[in-house]
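The values are calculated or read from the model by the stated rules, or taken from the named source; none is laboratory data. Here the structure is a predicted model, which is why all the values come from computation and not from measurement. Please note: Cβ atoms are built from the backbone with ideal geometry, for glycine as well, and neighbour counts cover all protein chains shown.
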Amino acid sequence: ESKIEFVGWLNDDQNREWYAKSKIFVSIPKSDGTSVSVLEAMSAECVLVLSDLPVTHEWISVKTGVIEQPEINPLIKAIAFCDSTILSQNKEFVDSIASRENSIQKFLHLYKEISKP
């Protein structure tokens, strides 16, 4: 319990600091799209513990994170991932697809395509 803190709303700099200090990121909603916080946590090389939702499988598998399942304690499984090279691979994956720069380039390309005469 002493290693868990609920820190509330944070500004961008504080948010990055907490991701850098964190090893495990938990997001277990009953329904959701991909949240920015999941992508931020992947980029910060946190172990993801996510609900078993369709969108979860777009970003991780049982080999690259922890997908909540009733018969498994997700935190015990997450701890096993903490020193894994999979975390840096997750970072590379999310950075290649969902980084701010990548998103800007996709937007600019789309804008150029739809603005052609």
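Does I4 satisfy the condition of being of a type in the set (V, I, T), farther than 24 Å from S96 by Cβ, at pLDDT 85 or above and surrounded by fewer than 15 Cβ atoms within 10 Å (Cβ to Cβ)? Considered against the rule, which asks whether it is of a type in the set (V, I, T), farther than 24 Å from S96 by Cβ, at pLDDT 85 or above and surrounded by fewer than 15 Cβ atoms within 10 Å (Cβ to Cβ), I4 comes out as no. Summed over the stretch 7-21, residues that are surrounded by 10 or more Cβ atoms within 10 Å (Cβ to Cβ), in a loop (DSSP other than H, G, I, E, B) and among the small types (G, A, S) total 0. Residues in the stretch 93-116: is at least one among the acidic types (D, E), at pLDDT below 85 and under 30 Å from K3 (Cβ atoms)? Among the residues of the stretch 93-116, not one is among the acidic types (D, E), at pLDDT below 85 and under 30 Å from K3 (Cβ atoms), which makes the answer no.
Per-residue answers, yes or no, for (1) in a helix (DSSP H, G or I); (2) closer than 18 Å to K30 by Cβ; (3) under 14 Å from the mean Cα position of the chain (by Cα):
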| site | (1), (2), (3) |
| --- | --- |
| L48 | no, yes, yes |
| D83 | no, no, no |
| S88 | yes, no, yes |
| Y111 | yes, no, no |
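Taken across the stretch 37-53, residues that are out of contact with any helix residue (DSSP H, G or I) (no Cβ under 8 Å at 6 or more places or on another chain) and modelled with pLDDT under 90 do occur, with at least one present. If you go through the stretch 7-32 and keep only what is within 12 Å of the chain's Cα centre (by Cα) and closer than 18 Å to S99 by Cα, you end up with just Y19.
For the stretch 22-51, which residues satisfy the criterion of being among the charged types (D, E, K, R) and surrounded by 10 or more Cβ atoms within 10 Å (Cβ to Cβ)? Walk me through it before giving the result.
Going residue by residue through the stretch 22-51, those that are among the charged types (D, E, K, R) are 23, 30, 32, 40, 45.
K23, D32, E40, E45, listed by residue number.
Whether any residue in the stretch 52-65 is free of Cβ contacts under 8 Å to residues at least 60 places away in the same chain, among the aliphatic types (A, V, I, L, M) and not in a loop (DSSP other than H, G, I, E, B) is what I want to check. Taking every residue of the stretch 52-65 in turn, none turns out to be free of Cβ contacts under 8 Å to residues at least 60 places away in the same chain, among the aliphatic types (A, V, I, L, M) and not in a loop (DSSP other than H, G, I, E, B). One residue stands out in the stretch 75-117 among those that are over 17 Å from V49 (Cα atoms), free of Cβ contacts under 8 Å to residues at least 24 places away in the same chain and charged (D, E, K, R): the one that is surrounded by the fewest Cβ atoms within 10 Å (Cβ to Cβ), namely K116.
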